[in-house]
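Step one of this worksheet: look at the structure below.
The values are calculated or read from the model by the stated rules, or taken from the named source; none is laboratory data. Only a predicted model underlies this, so the values are computations on that prediction, with no experimental measurement involved. As a convention, Cβ positions derive from the backbone with ideal geometry for all residues, glycine included, and neighbour counts pool all protein chains shown.
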Amino acid sequence: MPGPLNGVEIIEFLPELDSTNRLAKEYMRAGQVEGKVVQTGYQYQGRGQQGTTWLVERDQNLTFSVVLRPSFLASTDLFQLNQVAALAVSDTLAAYFPVNEIRIKWPNDILVRGKKICGILIETQLEGSRLSGAVAGIGLNVNQAGFPDNLRFPPTSMKIALGDTFDLHILLRILLDNLWARYAQLSFHREKIQKDYLALLYGLHMPVWAEVAGKKGLGVIRGVDHYGRLRMDWQGAACTFDLKEVRLFPPIHDTSSI
Ligand code: BTN
């Protein structure tokens, strides 16, 4: 199995921590080489996409961040790191679920049976036009048996979906191996990343509930461009949206307000 391209994998486990992304970014800024993994049992200030928080129960889930040095990527390639992380998680889940139950909800949420099982937050450092550093933060819901009911997207965990309890050490090992394998594809088989990502993209060529500029309706996702923007047929036009412009809803949800 491939490891980090330019470093050695070192896993640091801290029983609790504000945010693994925060600490991994500190290491990245201090010149840490690729392969450092910061894992915790409990995050009290976990960060999510678009300034949201990520809060899960103590010692039940996988919560970690990986320092990368993707200087072979241009800043405009940033979305490919999101694809790599999303595919690494999907590859891991594919050992436990049929592939048709796993979807990537644009840009990088992982769904199982239409519910969110994993969130990913990539943060980067630029040097000129290159990505000199990145932190890939992954929160995978594993053994947590229940979640608050006020989350933006309905959550699930491996425990809820499969009824079993899973060894977090084994899962982390598999996930990191998958991450290094997908990361290597960025150098050698970049087209495969886009192909595999599209094959798992939630709502591709199908009607999905979405909200654009405060208006809800059905859109049909057509793909993503190189910069990670969503291509979607919306209100009779072929549109391209960035993250702040569109919100996607679960396959089955309360449509009474639509
Ligand atoms: C999201 O879906 O909003 C992204 C959630 C990302 C959560 C992970 S948990 C490990 C890492 N550390 C953080 O503070 N956030 C990410």
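Residues that are polar (S, T, N, Q) and over 24 Å from the mean Cα position of the chain (by Cα) within the range 219-243 comprise just one, GLN235.
Per-residue answers, yes or no, for (1) over 23 Å from ASP242 (Cα atoms); (2) surrounded by fewer than 19 Cβ atoms within 10 Å (Cβ to Cβ); (3) aliphatic (A, V, I, L, M):
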| residue | (1), (2), (3) |
| --- | --- |
| ALA161 | yes, yes, yes |
| ASP167 | yes, yes, no |
| ALA184 | yes, yes, yes |
| ALA213 | no, yes, yes |
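Hey, can you tell me all the residues within the range 102-140 that are more than 10 Å from the ligand (Cβ to nearest atom) and closer than 12 Å to ALA161 by Cβ? Listed by number, the residues that qualify are ILE102, LEU111, VAL112, ARG113, GLY114, LYS115, ILE117. Here is a check on your reading of the model: is ASP91 more than 9 Å from the ligand (Cβ to nearest atom), part of a helix (DSSP H, G or I) and of a type outside the set (Gly, Ala, Ser)? So ASP91 passes the test. Has the range 28-36 got at least one residue that is closer than 29 Å to ILE160 by Cβ, surrounded by fewer than 22 Cβ atoms within 10 Å (Cβ to Cβ) and of a type outside the set (A, V, I, L, M)? There is no residue in the range 28-36 that is closer than 29 Å to ILE160 by Cβ, surrounded by fewer than 22 Cβ atoms within 10 Å (Cβ to Cβ) and of a type outside the set (A, V, I, L, M). From the list PRO70, PRO15, PRO4, the one residue that fits, being in contact with a strand residue (DSSP E or B) (Cβ under 8 Å, 6 or more places away or on another chain), modelled with pLDDT of 95 or more and surrounded by 15 or more Cβ atoms within 10 Å (Cβ to Cβ), is PRO70. What number of residues within the range 29-66 satisfy the criterion of being within 23 Å of ALA184 (Cα to Cα) and either without any contact (Cβ under 8 Å) to a residue 12 or more places away in the chain or within 13 Å of the ligand (Cβ to nearest atom) (or both)? Adding up the residues that qualify gives 9.
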